[in-house]
Structures are given as structure tokens and as C-alpha cells.
Amino acid sequence: MKLKYTAPLRGELSVPGDKSISHRSIMFGALAQGRTEISNFLTGADCLSTIACFRKMGIEIRQNGSDVEVFGKGLDGLSAPSEILDAGNSGTTVRLMSGILAGQRFFSTITGDESICRRPMKRVMQPLTEMGASISSIHDNGCAPLEISPSRLRGICYQSPVASAQVKSCVLLAGLYADGKTSVTEPVVSRNHSELMLRYFGADVRSEGTTASILPRPSLSGQKVNVPGDISSAAYFIAAALLVPCSEVLLKNVGINPTRDGMLRVCKAMGADITILNEDRSGAEPCADLLVRSSSLHGTTIEGEIIPTLIDELPVLAVLAAFADGTTVIRDAAELKVKESDRIAVMTDNLSRIGCDVQATEDGMAIHGGKPLHGASIDSHKDHRVAMSFAVAALACDGETEIRDSDCVTISYPAFYNDLNRLCQ
Ligand code: S3P
């Protein structure tokens, strides 16, 4: 796809539902007794993979656009799939489902696309094995496909070496089926959607500091879930409105859970004009409207405890940094290397192509921003967040930008280019 924009961004936008929360609403709805009614569900390919996996295990799921009904059959209501479970490109699906599958009385195999089969699964295999699960990597390379056989699980206190909501959620979900209490301690707190939603469905989940724990065998019951807009999708429009002169955009109903809002804090530190309006903290997941106006930005340092709260926004923050005055340093973000692509290598390579002075480091990058940048041929590596980040960069570059495999945005934001075009009119 070739992109070249000139107009400022103006108007209102409701970004699609949060990806993490959409996955969880299907999974927990399937394990609950009775009907779960979901609104503003994200219809991106990743969340559709989760729906397909649960349908293969006998769960009736009716989908009408972003309205979804899940007819849950309780903790022991899943049936043995007759086929391999396919998570597509979705790390959340493989890792969270591994925890659920470890507690079942049937054998299962789960896999995904080329990118998934390169991503590390030892991080979930290890704690599940400690719990007594029988889980192995078919090619013995610590990656999917994973085979999971029935086993009796015991509760553990797991010290996770990485701040990862996927690892934490996997272990907590296995904990639903374990003998005794299960807890997970992380180096830094990661997104807490599982804890909030499992509690809402009736589980006994506690969070204290960096530790989350769960008691086994709760009776979960179907609920109504209204998924807030995804701050990770809003991030591209926040960045675009900040970069393009004379822009003013109102992003409606965006989730601002404090374990996810690091992008807003970093943008403000860079000099961004963002106003939070109509804050609603009445539900488990806080949300608000975000009014964003073009701003002149300066570099900053992004490191430490804030990293897990903006891990998926680092690619687009790197783009913002490329246009900001001065140097931005990103540290403590080695996790970027094991996302849908190696986002340190892929972002620094593509930023260099548009003329940016950038260096990759072991756990991040240093971006020397502020000089005019030009359009180029971008290789997204089929990573949705890379493609969307460079669509934003294209708005502020001279000349034309071409993005290879630009359609990978369907993973998390099928209408992304339409929404961008509409705001740029
Ligand atoms: C997610 C957690 C994060 C994030 C991913 C979604 C989740 O991954 O990058 O896009 O829904 O739990 P990690 O847990 O690997 O950090």
C-alpha cells in the first residue's frame, strides 16, 4: 500500500474494542455457567482465532459484528477438540489457552502461524510443568505447536522472570483447576485485565503489589461485558494528531486502565496537548474520551516500571520520537524482541529507511529526532503494530511511503486505513 497525506486530522473516532479484554471475555465466558453477552467486541483476526478455538471445544458462540454471545458450560464443560487448535497470529490465545488446556481431562494440540511458531512458549511451559501439567513442544524448540495431556495440577507460588500478562494469566487460569492456591509474582506489574474480569465472573482473585493469586474451583457465572476502546489502537491516532499540524481529534470511550496508560504519560512528558474528558470509573475498567491537538514534541527517556504499561505502544512512540526534537532513549524493553516481530530490529531498520538517526540497543533504542524525514519502502514483517506505526509516520514524512504487507492490520484493527482516511479528509 502507498500512502501520502497532507490534510490535518479532524473529527471524532471510536476505536474498536480492546484486544486483551475481548480475548478474555470469550475465554472466561466459555468457562462460566450460562450466557455472557459482550458488546464492542474486537472483530480483529486474533480475537476471531480465540472464538474459533472455543467453538472447536463445543462452546456455542454467536457473533453479530461486535455483539457476541457465549454460552458457557462451566469449568468442566469444554469437550475434546477433534482438530488441532489454531491460534493464528495470537500470542494471547496460545499462552492463555495453554493454562486452560492444562486443566482439562482431554488431550489437545495448539499451534498458530509462522510468527507464533517462532515465539517463546517456555515462559508458560515452565510454570505449568511446575504445577504438574504435561505440556511439550512438538519440535522440542520451546515453541508451538504445543501438546497438552490431562494431569492433576497443584497450586504454586510462581516468581515470573518477566513482566508478562500472558504468563500471569496462563498460570492464574491453570490455578482454576489446581489443588490449592496459585500465585504469580512479577518483577513489575503487567496489565491486570484477567484479575479484574475473573473477579467480575465470580473467581476469588487477589492482587497485592506485584503478586496476583487465585483460589481453585470457583463457580463462575456468565456476565455482561462492555469492552472499552483499545488504547493500543487509539495510540496511532493520538500520535497522528500530535504530529500533523492543525489537527484536533476526539477519541471516544478509550480504556485508561492504569496498567495500560503509559503512552499518555509519556506523550505528556514529551509536551503533548492531550485532555482527558468524561472519565468513567464506575466499571472495573476505567475509560474516557481523549482530546488530542497537534503539539511540538521533545525527546524523553522511557524506562523502568512504565514499560509494561506501554509495551505495545513502543513502536508508535518510536515514530513520535523520530519527529520530536532531541534524543529519546527506550530502555528495559527487551520484550520487544519477542513480539509479532523483533520490534527493536524492525523498527530501527524502518526508521533508518525514512532517514532517522537511530541505534538499536540490547533492550531498546536511541532515537535522535527532529530532522525532516522522507517517505520510503517499509517492510512491516507482517507485524500489525509496525504497519500502523509507519502509516502514522507517512503523515509527517515528505513524499510517498510504501508499506509492504500493509493488510496485516486486520489482526487488531480491520478498519484502520478507513478510519485514518476519514479523519484526514
Ligand atoms: C497481552 C499482553 C502483552 C501484550 C499483548 C497482549 C495480553 O504481552 O504485548 O499484545 O493480552 O495479555 P506479554 O504478556 O507477552 O507482555
Worksheet item: Rounded, prolate or oblate: which fits the chain when a ≥ b ≥ c are the square roots of the eigenvalues of the alpha-carbon gyration tensor, with rounded for a/c under 1.5 and prolate only if a/b beats b/c?
Response: prolate
Practice prompt. Give me the distance between the Cα centres of region 315-391 and region 19-49, rounded to whole Å.
Written response: 32
Worksheet item: How far is helix 314-323 tilted, in degrees, relative to the longest principal axis of the Cα atoms in the chain, given as a value from 0 to 90 rounded to the nearest 10?
Response: 10
Worksheet item: Which of the GluC sites (Glu not before Pro) across region 296-382 are loop residues per DSSP, with 15 or fewer other Cβ within 10 Å?
Response: GLU303, GLU362
Response to the item:
Rounded to the nearest Å, the spacing of the alpha-carbon centers of region 202-229 and region 72-87 is 21
Item to complete: Decide, for region 19-226, between rounded, prolate and oblate: order the square roots of the alpha carbon gyration tensor eigenvalues as a ≥ b ≥ c, take rounded if a/c falls under 1.5, and otherwise choose prolate if a/b is larger than b/c, else oblate.
Response: rounded
Worksheet item: Can you pull the percent of the chain's accessible area that's carbon plus sulfur, 1.4 Å probe, other chains left in place?
Response: 47
Worksheet entry | Cα gyration tensor category, rounded, prolate or oblate, for region 290-425 with a/c compared to 1.5 | rounded
Worksheet item: Got a sec? Charge dipole of the chain, +1 on Cβ for Lys and Arg, -1 for Asp and Glu; which of CYS408, ALA333, VAL184 is way out at the positive end?
Response: VAL184
Practice prompt. Sum -39500 (n - 2.57) across every DSSP H segment of at least 4 residues in the chain, then divide by the residue count to get the 222 nm mean residue ellipticity, nearest 500.
Written response: -9000 deg cm²/dmol
Item to complete: Could you state the accessible area per residue of the chain in Å², with a 1.4 Å probe and every protein chain left in place?
Response: 36
Discussion item. Using DSSP to call loops (not H, G, I, E or B), can you name the GluC sites (Glu not before Pro) in region 57-90 whose Cβ has at most 15 other Cβ atoms within 10 angstrom?
Written reply: GLU83
Item to complete: Let me have the relative contact order for region 242-330, percent, based on Cα pairs under 8 Å that are six or more residues apart.
Response: 36
Item to complete: At 7 Å along the Cα-to-beta-carbon direction for both ARG217 and ASP398, put a label point, then send me their distance in nm to one decimal.
Response: 7.1
Item to complete: Along Cα→Cβ, 7 Å out, is where each label goes; now give me the distance between the ones at ARG293 and ARG206 in nm to one decimal.
Response: 4.8
Fill in: Principal-axis tilt of helix 231-243 within the chain, Cα atoms, nearest 10 degrees
0
Worksheet item: LEU297: net charge of surrounding residues, Cβ under 15 Å, Lys/Arg +1, Asp/Glu -1, itself excluded?
Response: +1
Worksheet item: In region 19-226, with Lys and Arg counted as +1 and Asp and Glu as -1 at Cβ, which of these residues, GLN63, SER207, GLY77, has the Cα nearest the positive end of the dipole, that is, farthest along it?
Response: SER207
Worksheet item: Once you have the alpha carbon radius of gyration of region 72-116, what is it after dividing by 2.2 N^0.38 Å, with N set to its residue count?
Response: 1.17
Practice prompt. Could you tally the net charge around ASP261, taking each other residue with its Cβ under 11 Å from the Cβ of ASP261, Lys/Arg +1 and Asp/Glu -1?
Written response: +3
Worksheet, complete the sentence: Checking region 117-168 for trypsin sites (Lys or Arg not before Pro) in a loop per DSSP with at most 16 other beta-carbon atoms within 10 Å yields ARG152
Item to complete: Could you go through region 56-64 in sequence order and give the Karplus-derived ³J(HN,Hα) for each residue, using 6.51 cos²θ - 1.76 cosθ + 1.60 with θ = phi - 60°, rounded to whole Hz, and x for Gly and Pro?
Response: 5, 9, x, 8, 7, 10, 9, 10, 10
Practice prompt. For ASP280 paired with GLU12, estimate the spin-label separation in nm (one decimal), with each label point 7 Å from Cα along the Cα-to-Cβ line.
Written response: 1.3
Discussion item. Taking 8 Å as the Cα distance limit and 6 or more residues as the minimum spacing, I'd like the relative contact order of region 19-226 as a percentage.
Written reply: 21
Practice prompt. Give the ranking of LYS2, LYS73, LYS56 by solvent-accessible surface, highest area first, calculated with a 1.4 Å probe.
Written response: LYS2, LYS73, LYS56
Worksheet entry | Net +/- balance of residues flanking PRO81 in space, Cβ distance below 12 Å, scoring K and R +1, D and E -1 | 0
Practice prompt. Please report, in debye to the nearest 20, how large the charge dipole of the chain is about its Cα centre when each Lys and Arg carries +1 at its beta carbon and each Asp and Glu carries -1 there.
Written response: 800
Worksheet item: Setting aside same-chain residues fewer than 8 positions from LYS339, which lysines have a Cα under 23 Å from its Cα?
Response: LYS19, LYS122, LYS168, LYS382
Worksheet entry | Length-normalised contact order of the chain in % [C-alpha pairs under 8 Å, at least 6 apart] | 17
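The values are calculated or read from the model by the stated rules, or taken from the named source; none is laboratory data. Just so you know, these numbers come straight off a predicted model, no measurement behind them. Positions of Cβ are generated from backbone atoms using ideal geometry, with glycine treated the same way; all protein chains shown enter the neighbour counts. Ligands, DNA and RNA are excluded from the accessible area calculation, which covers all protein heavy atoms including side chains. Shrake-Rupley method; radii C 1.70, N 1.55, O 1.52, S 1.80 Å.
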